[in-house]
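Structure first, commentary second.
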Amino acid sequence: MISRLGLRFVALGYLALLLVFPVAMVFARAFQDGVVAAWQAVTTPEALHALWLTILVAAIAVTANTVFGIICAIVLVRHRFRGRNLLDAVLDLPLAISPVVVGLSLLILYSLTSPVGAWLAQYGVRIVFSTPGIVLATIFVSLPFVVREVMPVLREIGTEQEQAASTLGASPFQIFRMITLPAIRQGVAYGVVLTTARAIGEFGAVSVVSGKISGVTETMTVFVADRFQNFDLVGCYAASVVLAVIAIGTLLLTNLFEPREDR
Amino acid sequence: MSASANTGAAPAGKAGAAPVNGALTRGVTVIYLSLIVLIPLAAVVWTSFGEGIGGFLRSLSNPQAIAALRLTFEVSLVVVFINIVTGTLIAWVLVRDSFRGKGLVNSLIDLPFALPTVVAGLTLLSLYGPKSPLGLNIAYTKAAVVMALLFVTLPFVVRAVQPVLAEMDLEMEEAAHSLGASPFTTFLRIIFPNLLPAVLSGAALSFARSVGEFGSIVLISGNLPYKTEVASVFIYNQIQTDNIAGAAAVSVLLLALSLLILIGLNALNRWGRRHDQ
């Protein structure tokens, strides 16, 4: 009994020192000069622009990765073809790669001195140091979540209903819309929440490709680092609180959507 | 799970128009993955070998790069070992113990995944940095790097071990206990071997994450070359000073390592599944 209490104490103590107290401390620091100062710090034009850009980028990345994620999950679960295992393995790369390497890869491919970047520049398209680069970086790092959440659901529901619909004359699109999509709804929702959290929180890849131009290509996370480096601690902690609140909201949502048998 | 093997077989052949549809969706998947992931990564590999193998090796023989890589492996190994112990312990407490607020603690485990990494680093800095209310300042030391990595990798081992522990039969443990084994012996001889595949897979994931981590480290480590500069921060600094070849060479090394870990995890998962049966 004593050893059980001891283990509980060690486990909870570790979590408190590593997670709870530090996160609580950020809230305390953000409001140390009062709520008004914190509010003013996150409503400057730069902060509001960073927040807006973060939401815009996350919306694009989540939409792209959700559409792709559903298609990719169907391909991986329902089709048999050569190179399927390779595709399956490649899909996890974004989770295993350093975000800085992701940023570097986009910088090399799309910089003005590269063939691709120079070609795009002829048509007035700029990727690096502008919003498209941030979007590409964010899509890259948040790519696997929807696929990985939808795949097990697809496996579980099987194909009987889809085959029945097919013999009754439904078109592939009708089958997808009326049978498959409703069945995988929850997996998609969970994947979307995870993708959103990752998209909003991305920092390494974005700080490499964005050029960190204040008020132009700064996302919320880059804004936090920028405020810190400029010794504006209230601004940096207040912006962190905004991000932390989003993260905690995400946690609550994932608890809502998480498949029951996992818990 | 065993049913999925049969139902997973391609139904496409039976459903009239589906084969065309299948080729289309497959094409879309491959093109999207290539454009977003593979072509950019290929560009990094291409750049790092731009001046041949010699150029690649020359970039890697930079002593600052070597120091950064060595530090990265050191701290990642330390973090993995701590995670194996604390992760297994936390999983055990969450599965076998019961106390008020356990549900809350359980959802708290995922916080490091939800919290942006730069905020994670900042939270640690606010408690353990300069002006620490505890009078404990570890900022700009290796300990700070380890702590930041422990924060962001916390969920991996816990979440890998938890479901396995929850499904484990209590009978074996009871048998060991009735034969006079101490709780410690029971854990070491009965519980831990059964958890091993899960522990290793969680450990591999946290190693991969540690090796590439950037956001949580960059503010708290001070990025002192030869002292607290890890590989990802080194790459970042090389990009800032326009040494793209140097950045690409170290990146390729990290990429190769990520690939190795993914392949190892794949093998580990197959082994774990066989272990189940």
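The values are calculated or read from the model by the stated rules, or taken from the named source; none is laboratory data. The shown structure was predicted, so the numbers you read here are calculated from the model rather than taken from an experiment. Note that we place each Cβ from the backbone using ideal geometry, even for glycine, and neighbour counts take in every protein chain shown.
Within the range A:182-194, is even one residue at the interface with chain B (Cβ under 10 Å from one of its Cβ atoms) and buried (at least 20 other Cβ atoms within 10 Å of the Cβ)? Outline the logic, then answer.
Going residue by residue through the range A:182-194, those that are at the interface with chain B (Cβ under 10 Å from one of its Cβ atoms) are A:193-194.
Imposing the further condition that a residue be buried (at least 20 other Cβ atoms within 10 Å of the Cβ) reduces the set to A:193-194.
Taking every residue of the range A:182-194 in turn, at least one turns out to be at the interface with chain B (Cβ under 10 Å from one of its Cβ atoms) and buried (at least 20 other Cβ atoms within 10 Å of the Cβ).
Let me confirm something: among B:S206, B:S182, B:S216, B:S221, which residue is out of contact with any Phe, Trp or Tyr (no Cβ under 7 Å at 6 or more places or on another chain) and among the hydroxyl-bearing types (S, T, Y)? From the options B:S206, B:S182, B:S216, B:S221, the qualifying one is B:S182.
Hey, any hits in the range B:112-123 for a residue that's surrounded by fewer than 24 Cβ atoms within 10 Å (Cβ to Cβ) and on the phi < 0 side of the Ramachandran plot?
Restricting attention to the range B:112-123, the residues satisfying the condition of being surrounded by fewer than 24 Cβ atoms within 10 Å (Cβ to Cβ) are B:112-113.
If we keep only those that are on the phi < 0 side of the Ramachandran plot too, we end up with B:112-113.
Within the range B:112-123, one or more residues are surrounded by fewer than 24 Cβ atoms within 10 Å (Cβ to Cβ) and on the phi < 0 side of the Ramachandran plot.
Does B:V252 satisfy the criteria of being in a helix (DSSP H, G or I) and crowded, with 22+ Cβ neighbours inside 10 Å? Show your work before the answer.
Working: in a helix (DSSP H, G or I): yes; crowded, with 22+ Cβ neighbours inside 10 Å: no.
Here the answer is no, as B:V252 does not meet what is asked.
A:T138 meets all of the listed conditions (1) hydroxyl-bearing (S, T, Y); (2) buried (at least 22 other Cβ atoms within 10 Å of the Cβ); (3) facing another protein chain (nearest Cβ under 9 Å) but one, namely (3).
Have a look at B:L71, B:L60 and point out the one that is more than 19 Å from A:G13 (Cβ to Cβ), out of contact with any Cys (no Cβ under 6 Å at 6 or more places or on another chain) and modelled with pLDDT of 95 or more. Walk me through it before giving the result.
Working: B:L60 fails: modelled with pLDDT of 95 or more.
The conditions single out B:L71.
Of the numbered criteria (1) touching a Gly at 6+ places or on another chain (Cβ under 9 Å); (2) within 12 Å of another protein chain (Cβ to nearest Cβ), the one A:I179 fails is (1). Note on the range A:110-130: residues that are closer than 25 Å to A:G201 by Cα, surrounded by fewer than 20 Cβ atoms within 10 Å (Cβ to Cβ) and within 9 Å of chain B (Cβ to nearest Cβ) amount to 1.
Select the helices (runs of 4 or more DSSP H) contained entirely in the range A:1-109, then report the ones holding at least 3 residues which are within 7 Å of chain B (Cβ to nearest Cβ) and buried (at least 17 other Cβ atoms within 10 Å of the Cβ).
On the way: elements: A:2-15, A:21-30, A:35-41, A:45-78, A:84-90, A:93-96.
By residue number, A:2-15, A:21-30, A:45-78, A:93-96.
Within the range B:205-249, track down each residue that is among the hydrophobic types (A, V, I, L, M, F, W, C) and assigned to a loop (DSSP other than H, G, I, E, B). If the condition is that a residue be among the hydrophobic types (A, V, I, L, M, F, W, C) and assigned to a loop (DSSP other than H, G, I, E, B), then B:F214, B:L219, B:I220, B:L224, B:V230 are the ones that fit. Annotation note: of B:I53, B:I66, the sole residue that is away from chain A (no Cβ under 13 Å), more than 18 Å from B:S232 (Cα to Cα) and more than 21 Å from the chain's Cα centre (by Cα) is B:I53.
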